[in-house]
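What follows is one structure encoded as C-alpha cells, with my remarks underneath.
No lab work stands behind these numbers, since they all come straight from the coordinates. Computed from a prediction, not measured in an experiment: that's the story for all the values here. We place every Cβ from the backbone using ideal geometry, glycine too, and count neighbours over all the protein chains shown.
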Amino acid sequence: MTRAAMMEQTRLKLLQHGRALFGTVGFADTVMDQLTGQAGLTRGALYHHFGSKKGLFLAVYQQLDQEMDSRLQAISASAPDSWSAFSGRCHAYLKMATEPDIQRIMIRDASSVLDSEQIQAVRMSCIEAIAGLLTQLLEDKIIPDTSPVMLARLINGALLDTARYIAGSEDSVMALNEAKQSLDLMLNGLRR
C-alpha cells in the first residue's frame, strides 16, 4: 500500500470513529484518547489529519451534510415531476431528523461547536438547493411568481426549526408525523 493510500485509510478511520462517538455521546463527551484507541491510532494521527477535535468534528459534519445532500438529490432525481421532487425533499429532510447521528451532530451539537461561518456555508448550500427547486416550480407555473431565494430562506428556516423540534422530542416519530401534516399544509398553500 502506498503512503498516500495509508494516509487516506487513517483519515477514513478517524472519520468513521469520530462519527460513531460524536453521533452517540456528542462532541463534549467524546474523549480523543478513546476515539483514537478504538481506531487503533494515535492522537498524533488525529492532529496531523484534522488539527484538533473540533477539526475532526467539522470534517464529520461536512461528510454527513454531503451524505444528506446526496440522499436528497436522489429523491429529486427519481421524482416524477418538479412538485414531487420539491415536496419529497422537504419530507425527507424532516425524516432525517429522526436519525440519531443526524440529530446529535447536525442538529444539536453543530451550533455550539462550529463557527457561525461554517454553519452558514452549509445553510447557504441548502438555501441554494431549495431555490433551484423553487425556480423549476416557477418555470412550471406551479407556484406564483416570487423571489425563489427569499422563499427558499423562509422554507429552509421552517424546516431547520422543525427538525430541531423533532430531534429534541421524546417521541420523534410522533413529532415527525405531526410535522409532515403541517408541512403539507404549508407547501400546498404555495401552489397556484
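Please compute the alpha carbon radius of gyration of the chain, then divide it by the globular-protein estimate 2.2 N^0.38 Å. Two decimals is fine.
Working: Rg = 18.9 Å, N = 192, 2.2 N^0.38 = 16.2 Å.
Its radius of gyration relative to the 2.2 N^0.38 Å reference: 1.16.
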Open item on the list: Need one number: nm distance between label points at Asp29 and Arg108, each 7 Å from Cα along Cα→Cβ, rounded to one decimal.
Closed with: 0.8 nm
Task: Signed unit charges on C-beta, dipole axis of the chain, positive-most listed residue Val31, Met150, Ser76 - done: Val31
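Per residue of the chain, what 222 nm ellipticity follows from adding -39500 (n - 2.57) for every DSSP H run with n ≥ 4, rounded to the nearest 500? Present the calculation step by step, with values, prior to reporting the outcome.
On the way: 9 runs with 145 residues, N = 192.
Counting only the DSSP helices, I get -25000 deg cm²/dmol.
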TODO: Would you list the membrane-span-like helices of the chain, meaning whole DSSP H runs whose alpha-carbon atoms span at least 15 Å along their axis and whose mean Kyte-Doolittle value is at least -1.0?
DONE: 3-24, 53-78, 82-96, 116-139, 148-168, 172-188
TODO: Measure out, as a whole number of angstrom, how far apart the alpha-carbon centroids of segment 160-192 and segment 60-138 sit.
DONE: 15 Å
TODO: Among Pro80, Pro100, Pro148, determine the one that fluctuates most according to a GNM of the chain built with springs between C-alpha atoms less than 10 Å apart.
DONE: Pro80
Open item on the list: Just want to confirm a number: the relative contact order over the chain, from Cα pairs under 8 angstrom separated by 6+ residues, in percent.
Closed with: 21 percent
